Amino acid sequence: MAVISLIVEMSLNMKSILLIFTVLFASTFSRAQSEISPADSGTEQGEIDFVERLLENDTNVFKEPPKSFGGSSAKPQAAEYTTLNSQSIHSDLAVIQKNYMPKTGRVQLSGGFTLLPSDVFFRTFGLNTKASYHFNETWGLEAFAYVFTSSSRSEVDSLNQEQGLEVKSLLSMQNFYGVNLYFNSIYGKTAWMDSKIIPFEIYQTVGIGKVRTDGGEDATSFQVGLGDLFSLDRSHALRVDLTWAFYSAKNYEGDDQNSNSLFLTLSYGLFWPEPDYR
């Protein structure tokens, strides 16, 4: 009897377990059916949507985290620079480090006054004229001519009147002409009384020429120079030149004498034709 009672009790327990499982399964199935819309039920697409919703609702489904930018193996797109040269500059912008006075393919004509400060016994001054052609903004070729007049200083007159001495062994220049190679090296800007900006450029010259002294002697010269060009506008400028010439000529006694002369020149320059490329 005890065995029969045990079997009956186990049978009742199994029925209870099956009943609980059936209730849980029916509850889950009815919840899933309620999530499927009427339009999707009974179709293949509806079953697929049903499975997708179950996966979305399951919090235990693993979701791959988004990849960081640093771990991406894709190569970045190459930058395109070929169109930069074709870009136009805005009209309200200006590049201030460029040369203000354009010179490429232009002729420069100038004229002015010259003083020889290195002549200690004679006052020598005169006029000068120059004509230059500029191959580009840096290089040019220049022809020049100087005409001088001289008068003795008071010291020489005193020696002649008081001591009866004449200064004849010294050379005095009458004219000077030749050609120079023109090299423009530095551009800049300066202010005039805090009211006006004046562009300027510094240049160097080197060349050969001919010197005629007051004794009628002609001598070949070698000269170097340093100058400053102050631009008034794009066609007019003021020039200040310092030129040092070396030459050898015969003096009044017929002896060869090595001499050098320093020229300080102030002139006014005109550039032609009018620039059309700036």
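Considering only residues of the range 125-173 that are among the charged types (D, E, K, R) and part of a strand (DSSP E or B), which is surrounded by the most Cβ atoms within 10 Å (Cβ to Cβ)? By that ranking, first place goes to Lys130. A single member of Arg234, Arg239 is under 27 Å from the mean Cα position of the chain (by Cα), of a type in the set (D, E, K, R) and part of a strand (DSSP E or B), and it is Arg239. For the range 174-192, the tally of residues that are under 19 Å from the mean Cα position of the chain (by Cα) and either outside any strand (DSSP E or B) or of a type in the set (A, V, I, L, M, F, W, C) (or both) stands at 1. On inspection, Thr114 does not qualify as β-branched (Val, Ile, Thr) and surrounded by fewer than 16 Cβ atoms within 10 Å (Cβ to Cβ).
For the condition surrounded by 13 or more Cβ atoms within 10 Å (Cβ to Cβ), more than 20 Å from His134 (Cα to Cα) and in the same structural domain as Tyr146 (by TED's automatic domain parsing), what is the one hit in Phe230, Phe263?
Only one candidate qualifies: Phe263.
Going through (1) in contact with a Leu (Cβ under 8 Å, 6 or more places away or on another chain); (2) of a type in the set (Lys, Arg); (3) over 29 Å from Phe121 (Cα atoms) one by one, Arg239 falls short only on (3). Based on what the data block shows, is Arg234 touching a residue at least 24 places away in the same chain (Cβ under 8 Å), under 26 Å from Asn136 (Cβ atoms) and out of contact with any helix residue (DSSP H, G or I) (no Cβ under 8 Å at 6 or more places or on another chain)? Yes: the conditions hold for Arg234.
The values are calculated or read from the model by the stated rules, or taken from the named source; none is laboratory data. Since the structure is predicted, the reported quantities are computational estimates derived from the model, not experimental observations. FYI the Cβ positions are ideal-geometry reconstructions off the backbone, even for glycines, and counts take in every protein chain you see.
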